[in-house]
1. Which FRET efficiency value, to the nearest 0.05, is calculated for ILE77 and ALA309 with the Förster distance at 60 angstrom and r the Cβ-Cβ distance?
2. Classify region 218-293 as rounded, prolate or oblate, taking a ≥ b ≥ c as the square roots of the eigenvalues of its Cα gyration tensor: rounded when a/c is under 1.5, otherwise prolate if a/b is larger than b/c and oblate if not.
3. Among the DSSP beta bridges whose two residues both lie in region 4-95, what percent are antiparallel, rounded to the nearest 5?
4. I need the GluC sites (Glu not before Pro) found in region 530-574, filtered to DSSP loop residues with at most 15 other beta carbons within 10 Å of theirs.
5. When the chain is fully extended, how far beyond the present Cα-Cα distance does PHE574 get from GLU61, taking 0.36 nm per residue of separation?
6. Holding the Cα-Cα limit at 25 Å, pick out from LYS6/LYS478; LYS503/LYS556; LYS78/LYS234; LYS277/LYS556; LYS28/LYS478 the pairs that are longer than that.
7. Tell me the angle of helix 580-593 to the major Cα principal axis of the chain, expressed in degrees between 0 and 90 and rounded to the nearest ten.
8. Restricting everything to alpha-carbon atoms, can you work out Rg to Rh for region 98-256 with a Kirkwood hydrodynamic radius?
Amino acid sequence: MIDKEKIQRILATDCGSTTTKAILIEKKEEGFRLIARGEAPTTVEKPFEDVTRGVLNAVRELEELTGIHILEGEKIIKNSHGNKGVDLYVSTSSAGGGLQMMVAGVVKSMTAESAARAALGAGAIVMETIASNDGRMPYQRVELIRRLRPDMILLSGGVDGGTVKHVVELAELIKAADPKPRFGVGYELPVIYAGNRDARGEIKKILDKKVSLSVVDNLRPVLERENLMPARHKIHDLFMEHVMAHAPGYKKLMTWTDVPIMPTPGAVGLLMEMTSKIENLEVLGVDIGGATTDIFSVFQGIFNRTVSANLGMSYSISNVLVEAGIDNILRWVPFEMDEYEIKNRIRNKMIRPTTIPQTLEDLIVEQAIAREALRLALEQHKLMAVGLKGVQQERTISDAFAQTMTGETLVNMMTLGLVIGSGGVLSHAPRRNQSALMMIDAFQPEGVTYLAVDSIFMMPHLGVLTTVHADAGMEVFKRDCLIWLGTCIAPRGKGKEGKPVMKVKIVFDDGREIEKEVMFGKLERIPLEAGKIAKAIIEPAKGFDAGEGNGKRVEKELKGGVVGIVLDGRGRPFEMPQEPKKRVELLSDWILSMDVYPEKPFLELVKKFA
């Protein structure tokens, strides 16, 4: 048992697919604080094939930066004293492609979808979903299982007491495929059965000799209820026992850590859930990477995560172009640009994924693409984060009367309280105003929403740390990880140019007051420092809703940040004018009022393309 009182110094690492990041945390008078961060290339692949090499290199950088001796040879010194050693070491990992799973369920829009939610929530990438009604022939499903070689399979289907026939057929398919895992030779592939309890005997008979079978409670014991936690916990356990144990060097790393290694997205999700509980807010988080975009949300107390494995800013950037279409990307560029020019830039980024924008023009184009990647990822997330009643799409007449909802999304932009952005394009934007505007444009929050970004992507480290020392994890998260951008006020509704959207009275804690009337199509920014609080009295115009209903007054607390308070009078749903000249004019106006780019170079660039 770890004695929390004795913990003074903490080491945490995240072994990513390309970079291993290490952070050092120390207890100070005001609580736990981040001391330093080091990084090194991940060494899970050839020529090293030992993940601990990258960990040691990242930790050595921490030693150089702090002067604290953490290593003795290739061992971590435990029990800190003076400037030696650490009291706790935790780690997360997505190296080797992270945890790759396949899920199988009887009905695609019900049990298969629940299985996918359980796997995604545990931090997995869902490679493929197989369902009895997915339209594939049995031989196609067998071929798919063999070809994909997942790390793990989650099998579900049927409510307790229902028919067993279909889920047994899926088990027969898995047996026929005889899948081989990615890592490790001569060990059995883990399969978790989380379906109809009446089928357990049959499933065991079919799969026991072929795979490493684990049986947990049904994901959907009844149609109206999901029970994802038993499957999620089992995925974490098997990730450690099987996948990590066979990945190069992880056996050694597991002997160093004080708690089990967690999949990186699982740790981030844990932190999002905790933030939602502590702040008592509905939360939306995004991690936009080079190949994938992860979206995490907590709405109505329900956690959901999706991975848009085809949407990213380098390796998958061409997919963003294909899915969004060139017109949707061009609508965010504040000057007339040839579509072939944009396409060539996108192709260049794909073949040289590590390059970063060198000119203001490059930066504007990249951030236009990022808006579309974020928008599309949220659309995909909304389809997955749904309520259960009426998820069943194939309904009889009697079902249609009994089920009034149709699997409606839980994502509600009006009740959303906090958006947290992370990933290179958001965390490392040259100005924080750019991150704020990218998230507002892409997600279109409604009502009053707080905005923040992860400063240096340490959410995985802090997520796994909360499993041992919740106070330490949350203290560092609030003080050193989150950078508060401010608050966005955006009423829902459609208006006309030159007509008012809302009147806002802001009362600052020093007694100052500001009153603003925001016209339709306008964006305004009012400075409010990080750590400061103000009160807003919002009077939406007729036809606009700021959270209490059409035209109804709203009183809310505003949080300050690097950007401050953003008054968004562009309406929701947000519509960009089709006429190119008008669009460029509006975009330029928003960019200047939000101080997004340096004014003089920006105006010169717009003039150049005019």
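Laboratory data are not the source of any read-out in this text; all were calculated from the coordinates shown. In this text the structure is predicted, and so the values were computed from the model without any measurement. Positions of Cβ are backbone-derived with ideal geometry, glycine not excepted, and every protein chain shown enters the neighbour counts.
1. Values: r = 40 Å, r/R0 = 0.66.
Step by step, r from the Cβ atoms, then E = 0.90.
2. Details: a/c = 1.95, a/b = 1.33, b/c = 1.47.
Because a/c hits 1.5 or more and a/b fails to exceed b/c, region 218-293 counts as oblate.
3. Working: 20 of 28 bridges.
Given both bridge residues lie in region 4-95, the antiparallel proportion sits at roughly 70 percent.
4. On the way: sites: GLU548, GLU555, GLU557; in loops: GLU548.
Counting only loop positions with at most 15 other Cβ atoms within 10 Å, the GluC sites (Glu not before Pro) in region 530-574 are GLU548.
5. Values: separation 513, 0.36 × 513 = 184.68 nm, distance 4.63 nm.
Result for the pair: 180.0 nm of gain on full extension.
6. Numbers: LYS6/LYS478 22 Å; LYS503/LYS556 14 Å; LYS78/LYS234 30 Å; LYS277/LYS556 19 Å; LYS28/LYS478 15 Å.
In this structure, LYS78/LYS234 lie more than 25 Å apart at Cα.
7. 90
8. Numbers: Rg = 14.7 Å, Rh = 15.4 Å.
That ratio is 0.95, to two decimals.
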